[in-house]
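Asks: I'd like to ask you about the structure that follows.
FYI, it's all coordinate maths here, none of it is from the lab. Just so you know, these numbers come straight off a predicted model, no measurement behind them. Cβ placement follows ideal geometry from the backbone for every residue including glycine, while neighbour counts extend to all protein chains displayed.
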Amino acid sequence: MKIGLVDYALYLPEKRITAEELSPLCNVPAEVLREKMGIHQKRVGGKDDQPGRMTVKSCKSLLEKTGFDPMDVDMILYAGETYAEYVCWTVGIMIQEEIGAKNAYAWDLSFRCAGLPLALKVAKDMMTADKKLKNVIVCGGNNNAQLVDYQDRFQSFMFNLGPGAFALLLREGHDQNEILDTGIITDSQFHSDVIGLTGGSLNPLTQEMVMEMAADPEKTRKFNLTTLPDPESMKKRLAEASLPNFAKAVRLACDYSGVTPADLGFIGVVHIGNRAHYALLDELGIDREKTVFLWDDGHCGQADPLIAMDYGISGGKVKDGDLTALVGAGTGYAFCCTIIRWGK
């Protein structure tokens, strides 16, 4: 039984910040942001551009685009950030209410910025196993840009973060845009290298913290930001492991799908530095023309591979019959790739 992608929609805030505007905020020269980190511009959100709210917008756009009745949705799989509007909250159930999918059930999958490829696999596998699931929405949003400490030079790999959201409609028996297989790598040596140290169950807000923050504005500033417990070690280990893990995830996805990297017609990759992006294509033996780099969007989280594919479709790089790889990666660290046979 084939599971096909009926259509998709993206929500991306229109406002952008240029490398020249970002430079003084993070104390990185504009030419370094542009040439080394691949940021010509990046998306910037407003107060309402939060994960759940953005995802609702993308889902409503998808339903309007397809004319699909939300009452016919059987499941909503939210694969965006669980760092969302509220703590201890199931984002997918709110989306279900907002789009009127009364007959569906909804749940959240957490895999950081590797969430989109994994969610496609999970949705396909569930639809294959459960004949009651005929129509499934996979969606997600991300605004982890709010977590980044621009005054910490070790967090420069996150300076590309910006907000964004996506939604896809999958259907049983749909004979276009077939979801093939997925390669997944989790490299556990990085399990606690990027964390939000305060505000969780281990370190909840206390009166003592409030008093310390009242006396020290710097502690207040850092309370909601990401922490790197051992940045030097992480940088060294990630430099050694990142490319092999990316490449292995793509090769596994191809192998499980019965194809090779040379068969790929297009590859959409989560926003990483432009040098690393093209090094991955070179490692896999994929022509550099078979991709789109997100120079003017930055890293919009889980949506990145779909944003790249959207540019590829509109630019004529993705054609009917093309094998398209969607590649994500997230802190923890996870690397994931799903293959789609685009078109008929």
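Asks: Applying the selection to the stretch 25-53, what residues are closer than 30 Å to TRP107 by Cα, among the small types (Gly, Ala, Ser) and part of a helix (DSSP H, G or I)?
Replies: Taking the stretch 25-53 as the starting set, the residues that turn out to be closer than 30 Å to TRP107 by Cα are 42-53.
Then keep just the ones that are among the small types (Gly, Ala, Ser); that gives 45-46, 52.
Listed by number, the list holds a single entry, GLY52.
Asks: From THR186, THR182, THR198, grab the single residue that is surrounded by fewer than 19 Cβ atoms within 10 Å (Cβ to Cβ), touching a Phe, Trp or Tyr at 6+ places or on another chain (Cβ under 9 Å) and within 27 Å of PRO261 (Cα to Cα).
Replies: On the way: THR182 fails: surrounded by fewer than 19 Cβ atoms within 10 Å (Cβ to Cβ); THR198 fails: within 27 Å of PRO261 (Cα to Cα).
THR186 is the lone residue from the list that is surrounded by fewer than 19 Cβ atoms within 10 Å (Cβ to Cβ), touching a Phe, Trp or Tyr at 6+ places or on another chain (Cβ under 9 Å) and within 27 Å of PRO261 (Cα to Cα).
Rundown of residues vs (1) closer than 19 Å to VAL327 by Cα; (2) in contact with a Ser or Thr (Cβ under 8 Å, 6 or more places away or on another chain), yes/no style:
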position: VAL87; (1), (2): no, no
position: ILE93; (1), (2): no, no
position: GLY100; (1), (2): no, no
position: LEU116; (1), (2): yes, yes
position: ALA129; (1), (2): no, no
position: LEU168; (1), (2): yes, no
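Asks: I need every pair where a residue in the stretch 106-117 that is closer than 16 Å to CYS88 by Cα and without any contact (Cβ under 8 Å) to a residue 60 or more places away in the chain has its Cβ under 8 Å from the Cβ of a residue that is assigned to a strand (DSSP E or B) and of a type in the set (Val, Ile, Thr), sequence separation at least 6 or different chains.
Replies: Between residues of the stretch 106-117 that are closer than 16 Å to CYS88 by Cα and without any contact (Cβ under 8 Å) to a residue 60 or more places away in the chain and residues that are assigned to a strand (DSSP E or B) and of a type in the set (Val, Ile, Thr), the close pairs are ALA106/ILE76; TRP107/ILE76.
Asks: Moving to a separate point now. Just to be sure before I move on: is LEU22 closer than 22 Å to TRP295 by Cα, outside any loop (DSSP other than H, G, I, E, B) and in contact (Cβ under 8 Å) with a residue 40 or more places away in the chain in the structure I sent? First the steps, then the outcome.
Replies: Numbers: closer than 22 Å to TRP295 by Cα: yes; outside any loop (DSSP other than H, G, I, E, B): yes; in contact (Cβ under 8 Å) with a residue 40 or more places away in the chain: yes.
Judged against the criteria, LEU22 is a match.
Asks: In the list ASN203, ASN144, ASN135, which residue meets the criterion of being over 30 Å from HIS40 (Cβ atoms), surrounded by 18 or more Cβ atoms within 10 Å (Cβ to Cβ) and of a type outside the set (Gly, Ala, Ser)? Let's see the steps before the verdict.
Replies: Details: ASN203 fails: surrounded by 18 or more Cβ atoms within 10 Å (Cβ to Cβ); ASN144 fails: over 30 Å from HIS40 (Cβ atoms).
Only one candidate passes the filter, namely ASN135.
Asks: OK, next. Count, please, the residues in the stretch 262-299 that happen to be touching a residue at least 60 places away in the same chain (Cβ under 8 Å) and over 22 Å from the mean Cα position of the chain (by Cα). Give the steps one after another, and end with the answer.
Replies: Residues of the stretch 262-299 touching a residue at least 60 places away in the same chain (Cβ under 8 Å): 263-267, 270-275, 277, 293-299.
Those still in the list that are over 22 Å from the mean Cα position of the chain (by Cα) too: 263.
Total satisfying the criteria: 1.
Asks: Which condition from (1) buried (at least 22 other Cβ atoms within 10 Å of the Cβ); (2) among the β-branched types (Val, Ile, Thr); (3) assigned to a loop (DSSP other than H, G, I, E, B) is the one that VAL327 breaks?
Replies: It fails just one condition, (3).
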